[in-house]
1. Among (1) in contact with a strand residue (DSSP E or B) (Cβ under 8 Å, 6 or more places away or on another chain); (2) of a type in the set (Val, Ile, Thr); (3) open to solvent by 30 Å² or more (accessible area, probe 1.4 Å), where does Ile328 come up short?
2. So which of Ala64, Ala35, Ala43 ends up being assigned to a helix (DSSP H, G or I) and surrounded by fewer than 18 Cβ atoms within 10 Å (Cβ to Cβ)?
3. Among the residues of segment 275-293, which ones are out of contact with any Leu (no Cβ under 9 Å at 6 or more places or on another chain) and either of a type in the set (A, V, I, L, M) or over 20 Å from Leu232 (Cβ atoms) (or both)?
4. Against the definition (open to solvent by less than 70 Å² (accessible area, probe 1.4 Å), among the small types (Gly, Ala, Ser), farther than 30 Å from Glu85 by Cα and free of Cβ contacts under 8 Å to residues at least 12 places away in the same chain), how does Gly157 come out, yes or no?
5. For segment 311-325, give me the residue count where each residue is open to solvent by less than 50 Å² (accessible area, probe 1.4 Å) and either without any contact (Cβ under 8 Å) to a residue 60 or more places away in the chain or not charged (D, E, K, R) (or both).
6. Quick one: how many residues across segment 120-154 are within 49 Å of the chain's Cα centre (by Cα), small (Gly, Ala, Ser) and surrounded by 15 or more Cβ atoms within 10 Å (Cβ to Cβ)?
7. Would you be able to say whether some residue in segment 209-218 is crowded, with 17+ Cβ neighbours inside 10 Å, modelled with pLDDT of 70 or more and not hydroxyl-bearing (Ser, Thr, Tyr)?
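The values are calculated or read from the model by the stated rules, or taken from the named source; none is laboratory data. Since this is a predicted model, take the numbers as computed values, not measurements. Counting neighbours? That spans all protein chains shown, and the Cβs are built from the backbone with ideal geometry, glycine included. Just so you know, the surface numbers come from the protein's heavy atoms only, side chains and all, with ligands and any DNA or RNA stripped out. Shrake-Rupley method; radii C 1.70, N 1.55, O 1.52, S 1.80 Å.
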Amino acid sequence: MLPAVLFGGLVAALAALLIAFTLTSRLADRQFDLARLSERQSAAVTRITTLIDAGAPPPALLAALDETAALIRAEQRLTSADELEAARVTAELIRLDQLRRLALAPQERKAVRRLATGIEQREAREVDQARARLVGLHNRATVLATLLAALVLACAGAGAWLLAKRNRQLHDEVIVRTRQVEAVDASRRLFFAKTSHELRTPVQAIRAQAEIALADPGLPVAELRETLDHVLAGTVSLGHRIDELLGLASADNGQLQLRREATDLTEVIATARDECAALARSVECTLAFEAPDQPVPLRADARWLRQALIAVIENGLKFSPMGGQLGISLSLTGDRATIIVTDHGPGVVESDLPRIFDAFYQAEAGRSRGGNGLGLALARWVVEQHGGAIRAANLVAGGCAVTIVLPLEAAA
């Protein structure tokens with residue numbers, strides 16, 4: 001900001017100096033013309049006195065007087081804008097007319113000589129004054145020209161410095177943008193690699209279950225139903241993964257487009273639990289849900305809030321032991337609603353806890369159990385878009401608790 005202001009000040013000063021130099025140049029041209037007229041008038045008056053001393057005839061003297069009058073009128077045109085100068089020139093014309101009248105009377109030769117001598121002396125002084133003013137204007141123009149040249153160089157230097165600075169900024173921006181593009185490209189490659197693996201896993205599981213069921217025509221009904229339960233759980237899980245990917249694809253700069261409507265948070269959680277029931281049966285885990293008896297109203301995007309809860313619940317089921325239980329609780333404290341999803345698995349390595357909500361990040365245990373690291377990242381985005389917060393912590397007795405806090409007023 002300061003360099004730009006400084007450059008602007010230099011340009012303004014340059015413009016002011018240019019105007020001053022132009023005006024001074026015009027004054028100098030005018031003063032030069034006046035100085036030349038003064039010199040010619042002085043020479044003409046000297047010629048008149050010479051003619052008078054030589055006793056020249058009246059026609060010759062009148063011609064010299066007419067020449068002098070023409071020069072004075074030319075000076076009058078140049079000084080018409082200056083009242084003092086105009087008055088002085090008018091006085092010269094009056095004295096010249098007096099000289100003309102006296103010059104026609106031979107008996108007034110002495111008076112003519114005195115008047116002509118006075119006019120000659122005044123013209124000589126005017127010549128000296130005109131030359132002095134011309135010298136002063138010349139010096140002033142020289143100073144202004146020097147300052148103008150210095151300012152031009154300063155402006156050129158400042159402009160070059162600003163240009164170099166801007167080029168450096170552009171260079172830095174290009175480097176940053178290039179790194180961003182490279183990061184996006186790396187993220188894109190990682191996204192497709194993990195997504196293909198994430199989608200392939202449930203598809204292969206569904207196919208394997210179906211092939212096992214079809215390979216034995218005499219398979220008991222109970223086993224067929226169990227196989228279909230696994231197939232259903234796989235398709236539901238696959239549908240959730242596809243919803244997550246579509247959510248990421250529809251996000252604008254990482255900001256999900258939410259449509260807030262009046263909804264019941266208890267119903268949203270219950271629906272998410274029901275969506276995960278098939279997966280819970282396939283891993284032989286029960287879902288326990290505790291909530292207040294009354295509805296918990298808020299304005300939120302029920303679809304994406306449900307999807308976030310599904311991601312958290314499925315993550316807990318992924319780490320829950322066979323025959324275990326996954327706890328889901330909803331409680332109210334003032335204007336905040338707190339949702340806690342608790343599993344009884346091995347927990348999370350402490351060094352991994354701060355990063356499990358990062359996109360594509362997976363701890364060693366998570367990689368061994370499948371997943372692409374998108375579910376919890378999506379959950380965090382959705383919760384934060386509702387003005388809430390999400391965190392994870394290991395339990396003393398074992399397992400992990402994911403806590404979601406939603407400010408009901410902020411969400412409204």
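1. Tallying (1) in contact with a strand residue (DSSP E or B) (Cβ under 8 Å, 6 or more places away or on another chain); (2) of a type in the set (Val, Ile, Thr); (3) open to solvent by 30 Å² or more (accessible area, probe 1.4 Å), Ile328 fails exactly one: (3).
2. Ala43
3. Answer for segment 275-293, where residues must be out of contact with any Leu (no Cβ under 9 Å at 6 or more places or on another chain) and either of a type in the set (A, V, I, L, M) or over 20 Å from Leu232 (Cβ atoms) (or both): just Asp293.
4. When the stated conditions are applied, Gly157 passes them.
5. 9
6. The number of residues fulfilling the criteria is 2.
7. yes
The rows are residues; the columns are (1) surrounded by 20 or more Cβ atoms within 10 Å (Cβ to Cβ); (2) modelled with pLDDT of 90 or more; (3) outside any loop (DSSP other than H, G, I, E, B); (4) small (Gly, Ala, Ser).
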{"position": "Ile269", "(1), (2), (3), (4)": "yes, yes, yes, no"}
{"position": "Pro292", "(1), (2), (3), (4)": "no, yes, no, no"}
{"position": "Arg303", "(1), (2), (3), (4)": "no, no, yes, no"}
{"position": "Leu309", "(1), (2), (3), (4)": "yes, yes, yes, no"}
